[in-house]
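Just below is one structure, and these are the notes that go with it.
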Amino acid sequence: MNPLRLGLVALLVIAPAVQGQQFGPHIGYVYPAGGRQGTTFEVTVGGQFLDGASEVFLSGAGIQATVLEYVKPMSQKQFNDLREKLQELLTKKTAATKQQRKRGAAEEAKNEPKPIWTDADEKAVGELRMKLATFVRRPASPAIAETVRLKVTLAPDAEPGDRELRLETRGGLTNPMMFRIGQLPEFSKAPAKLHDESTTGKGARYRSYATDKKPAGPVEITLPAIVNGQIQAGTVDRYRFRAAKGQHIVVAAGARELIPYISDAVPGWFQATLGLYDAKGKELQYAGNFRFHPDPVLYYEIAGDGDYTLEIKDSIYRGREDFVYRITVGELPFITSIFPLGGKLGAKSTVELKGWNLPTARLTRDSKESTPSVQPVSVRKGEWSSNSVPFAVDDLPELLEKEPNNLKDRAQRVKLPVIVNGRVNQPGDSDVFRFEGRAGEEIVAEVLARRLDSPLDSILRLTDSKGKELALNDDHEDKGSGLLTHHADSVIQVKLPVNGTYYLTLSDSQKKGGPEYTYRLRISQPRPDFELRVVPSSITARTGMTVPITVFAIRRDGFADDIALKLKDAPAGFKLSGGWIPANQNKIRMTLTVPMSERDVPLNLHIEGQATIQGHEVRHPGIPAEDMMQAFYYYHLVPAKEWRVMVTKGGRFKTPWKLAADKTVKLPAGGTAPVRITVPKGPYLSQVIFKLSDPPEGIGIVKIVPEKDGIAIVLRADPAKVKPGLKGNLILNASVERKADAASKKKNTPNRQDLGLLPAIPFEIVATLEARK
């Protein structure tokens, strides 16, 4: 093999992994979205680019799962092939019919050959017509058109709760999807009906969806139970059960909580509604949501022995395969609210419970956490556990709000720092707090309510002793709350102008109130801090490859300094490049390089962020997340449980280049700076093209200069678009020009092949004189 061909082979082996990151396998739904401990059942996973699905990965212990079948819609080529085959058969039938008509009785007596058309041919025509009739030229939802059928076994002692399901496909690892393990008996409707199509190509089966023309009757269930289903367009699902007088039935639907965001649907999720009917069809109870949660919860005290029917549908009768639901129904414990919403670290807290079928109205929670956090609280009645609600713990002094405090002259006096646990007790109520402040002192007031499952839509107003307004805030967006679409908690941060008395008023912006309108109000000096989100939560790379990731910084209380990032306890061979989030920036693209050895299963890696805050070293883990799109437009960072990285088999050759030095490039505004890359010598270098991947506007490549041990890529910064002080990472993408053949020229096929990424290069825009130093 000549040097040119050898070099090109070495480069090209990494291309598939790059393409896999751009067009990676994706799960759109899992049905059913869970199962009962100690059972074995089938699960359908719908998505896109799921070819070659071979392994199932579920987080946690006590689960076994295998792939049974991969299914995809018929392609245009397969349709054309079937149509040609049908035409051949019909031509054959026409010829046979003509031949039979020409025969007379005499010819029949001579035992002439029978007509060439057979019963098998007639059957084949019918089958082909049926297959062709189910063809959909353009699937309505390509993102969920492919399916993988699984067999799942849950151990009797599998821990109940939420897990994450991923598939390993030919294109790599999929995104995670929620899979819930429960304790109750389960009833599942059959998955969306499918018509069998031809079997072609490496065991793949091709099918298309069919819909029922007649609505199905109610499914008989016994309580307590979990029911699983999928809502199709225009349909309503019904379940019938027997109940006795005096039973307190709770029905809690899980829909949006299973699939938080659907990118191509408005409002961006399955908006389920619940209805409860008696044996005569009279509506007894209806629920379209539960407070601000889209998933409805219904409660009803049974008036008499008899049959009752539960109904679920979409609020505007939409539906398709990813409108998956999981309903818990029965005389089960359910917490509707708690008070207070949190407590002090290391101390016992008495928590008041509100809800249905609860074993107690109060519980004592012993805080064992070492750092401020939000933890789940639930109760158990008999063998059944309730839903979980969030409970926050912090290290600041705490107190309870005291009424009456709705006017300035009745303001509750507090001493900073403090966390006040309170309620907006009734519609139109306000809570006023009075504190002493000093000139130049910086104060933060933050409400935790909606983020702790309270329906309160807070508004904060800070005034001085004369009533002059100093700060006002209604809604403050918290990127760390990826499941909220209405960021209803308030935050204000202000520097006090003079020594004196100040008044902070908290109320509901919609003038609502009640016992469940609870809050935690922190009033303190700033406590600068940060959180991290790592996107995506699933990565696939071939051995030795470099892939991009994005890390988001969620900055708290004005923290604006650099955050250093590193891999924590990673196996040898993994390397993070460009590991920093510069000051005053909220996200950074960087790269992860994987080792040369293949791994049998995905690894659970961890990123850690470190910063110096007020003289102390602070470290926080990077929380894996999916950057999910809602309703064509909005984006949300939805946390995942694990950051999974799969290293698949690569080619024989290593990446033929590397950065000559691992340091920050000082790029003068209006000037140039080289990035040196060591590359083995060879004529193939003239074929390689380097391009910056999503660089800041104003930074570009001006030339590539051959050097003794490789090349220098010369960068330039446009002074009109970038200014000194800008920092970040630059990522180089390499490609190679292929010699186009005659067929490619006719089809106008691009003759450029992506090769992969180089490790991220930290840069800083500096003044010209600084660069010379």
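The values are calculated or read from the model by the stated rules, or taken from the named source; none is laboratory data. All values derive from a computational prediction rather than experimental measurement. Cβ: placed from backbone, ideal geometry, glycine included. Neighbour counts: every protein chain shown. Heavy atoms of the whole protein, side chains included, go into the accessibility calculation; ligands, DNA and RNA do not. Shrake-Rupley method; radii C 1.70, N 1.55, O 1.52, S 1.80 Å.
Beta carbons closer than 9 Å, at least 6 apart along the sequence or on distinct chains, pair a first residue in the range 85-103 that is within 15 Å of ARG129 (Cα to Cα) with a second that is modelled with pLDDT of 75 or more and among the basic types (Lys, Arg) for LEU86/ARG129. The sole residue among SER367, SER458, SER465, SER430 that is farther than 26 Å from VAL494 by Cβ and of a type in the set (Gly, Ala, Ser) is SER367.
For MET646, indicate whether it is surrounded by fewer than 21 Cβ atoms within 10 Å (Cβ to Cβ), under 21 Å from GLY171 (Cβ atoms) and under 21 Å from the mean Cα position of the chain (by Cα). No; evaluated as a whole, the condition is false for this residue.
Residues of the range 319-374 that are of a type in the set (A, V, I, L, M) and in a strand (DSSP E or B): VAL324, ILE327, VAL329, ILE335, ILE338, VAL351, LEU353, LEU363, VAL374.
Kindly indicate whether any position in the range 462-478 is outside any loop (DSSP other than H, G, I, E, B), out of contact with any Cys (no Cβ under 7 Å at 6 or more places or on another chain), under 26 Å from LYS354 (Cβ atoms) and of a type outside the set (Gly, Ala, Ser). No, that holds for no residue. Pairs linking a residue in the range 756-771 that is modelled with pLDDT of 95 or more to a residue that is among the hydroxyl-bearing types (Ser, Thr, Tyr) and not in a strand (DSSP E or B), with Cβ atoms under 8 Å and 6 or more positions apart or on different chains, are PRO762/THR664; PHE763/THR664; GLU764/THR664.
Residues to consider are VAL551, VAL547, VAL494, VAL534; find the one that is farther than 27 Å from GLN630 by Cβ, among the β-branched types (Val, Ile, Thr) and either surrounded by fewer than 22 Cβ atoms within 10 Å (Cβ to Cβ) or in contact with a strand residue (DSSP E or B) (Cβ under 9 Å, 6 or more places away or on another chain) (or both). After applying the criteria, what remains is VAL494.
For the range 127-144, the criterion of a residue being within 16 Å of THR44 (Cα to Cα), buried (at least 18 other Cβ atoms within 10 Å of the Cβ) and either touching a His at 6+ places or on another chain (Cβ under 8 Å) or modelled with pLDDT of 85 or more (or both) is satisfied by at least one position. Considering the range 35-77, the qualifying strands (runs of 3 or more DSSP E), each wholly inside and each with 2 or more residues that are surrounded by fewer than 19 Cβ atoms within 10 Å (Cβ to Cβ), run over 40-48, 63-72.
All of PRO668, PRO680, PRO750 fail the test of being at negative phi and either at pLDDT 85 or above or open to solvent by less than 20 Å² (accessible area, probe 1.4 Å) (or both), apart from PRO668. For the range 506-519, the tally of residues that are under 25 Å from LYS344 (Cβ atoms) and open to solvent by 10 Å² or more (accessible area, probe 1.4 Å) stands at 3. Being surrounded by 14 or more Cβ atoms within 10 Å (Cβ to Cβ) and under 18 Å from LYS658 (Cα atoms) is a condition met by no residue of the range 555-572.
Checked against the criterion of being in a strand (DSSP E or B) and small (Gly, Ala, Ser), the candidates ALA611, ALA572, ALA583, ALA560 yield just one match: ALA611.
Within the range 385-403, the only residue that satisfies the criterion of being open to solvent by 80 Å² or more (accessible area, probe 1.4 Å) and not charged (D, E, K, R) is LEU400.
For the range 289-318, a residue qualifies if it is in a loop (DSSP other than H, G, I, E, B), touching a strand residue (DSSP E or B) at 6+ places or on another chain (Cβ under 8 Å), surrounded by 14 or more Cβ atoms within 10 Å (Cβ to Cβ) and of a type outside the set (A, V, I, L, M), and the qualifying residues are PRO294, ASP295, PRO296, SER315. Just one residue in the set LEU462, LEU452, LEU470 is touching a Ser or Thr at 6+ places or on another chain (Cβ under 7 Å), of a type in the set (A, V, I, L, M, F, W, C) and surrounded by 16 or more Cβ atoms within 10 Å (Cβ to Cβ); that residue is LEU470. Looking at the range 521-531, which of the residues that are in a strand (DSSP E or B) and open to solvent by 10 Å² or more (accessible area, probe 1.4 Å) is farthest from ARG434 (Cα to Cα)? Filtering first and then ranking leaves GLU531. I'd like the full set of residues that are within 21 Å of GLY46 (Cβ to Cβ) and either over 22 Å from the mean Cα position of the chain (by Cα) or not aromatic (Phe, Trp, Tyr) (or both), limited to the range 305-326. Hits for the range 305-326 are ILE312, LYS313, ASP314, TYR317, ARG318, GLY319, ARG320, GLU321, ASP322, VAL324, ARG326. Of the residues making up the range 493-511, none is more than 24 Å from TYR261 (Cα to Cα) and touching a His at 6+ places or on another chain (Cβ under 9 Å). Among the residues of the range 697-719, the ones that are in contact (Cβ under 8 Å) with a residue 12 or more places away in the chain, open to solvent by 80 Å² or more (accessible area, probe 1.4 Å) and either over 28 Å from ARG752 (Cα atoms) or outside any strand (DSSP E or B) (or both) come to 2 in all.
The condition of being closer than 21 Å to SER454 by Cα, assigned to a loop (DSSP other than H, G, I, E, B) and open to solvent by 50 Å² or more (accessible area, probe 1.4 Å) does not hold for LYS415.
Within the set LYS354, LYS368, LYS348, the sole residue that is under 21 Å from ARG520 (Cβ atoms), surrounded by fewer than 16 Cβ atoms within 10 Å (Cβ to Cβ) and touching a residue at least 24 places away in the same chain (Cβ under 8 Å) turns out to be LYS354.
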